[in-house]
1. Sort out which residues of region 1-46 are basic (K, R) and part of a strand (DSSP E or B), and write them in order of number.
2. State all residues of region 36-64 that are surrounded by fewer than 10 Cβ atoms within 10 Å (Cβ to Cβ) and either in contact (Cβ under 8 Å) with a residue 40 or more places away in the chain or in contact with a Phe, Trp or Tyr (Cβ under 7 Å, 6 or more places away or on another chain) (or both); if no residue qualifies, say none.
Amino acid sequence: MAGHGEEWEILGIRQLAATDERAEEFAGTLVVHRLGAEEPVTTVRVTAKRTVLTEMEAYLARLLQRSRGRPRPEPRRPAD
């Protein structure tokens, strides 16, 4: 378990795949690195329920949209 004050950077996720026929749970490997550490990256096996991934998808979409700002409308062209 990570101690208080440690910061980790997520570098990626590998081999995320369904663990059952109904695809209600997925398993994969997180690739992480403890900030400031000289040790190489660490891999951690994880599982996630579909509901958690769906929640993360919606949250990340909102976060990325806000960080990019609203798309600018395209300039109107004069009618021919």
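1. Residues of region 1-46 that are basic (K, R), as a first pass: 14, 22, 34, 45.
Within region 1-46, R14, R34, R45 meet the criteria.
2. Of everything in region 36-64, nothing turns out to be surrounded by fewer than 10 Cβ atoms within 10 Å (Cβ to Cβ) and either in contact (Cβ under 8 Å) with a residue 40 or more places away in the chain or in contact with a Phe, Trp or Tyr (Cβ under 7 Å, 6 or more places away or on another chain) (or both).
Rule-based calculations on the coordinates, nothing more; no lab input. Just so we're clear, the structure is a prediction, and the values are computed from it rather than from any experiment. Quick reminder, even Gly has a Cβ in these numbers, built from the backbone with ideal geometry, and neighbours come from all protein chains shown.
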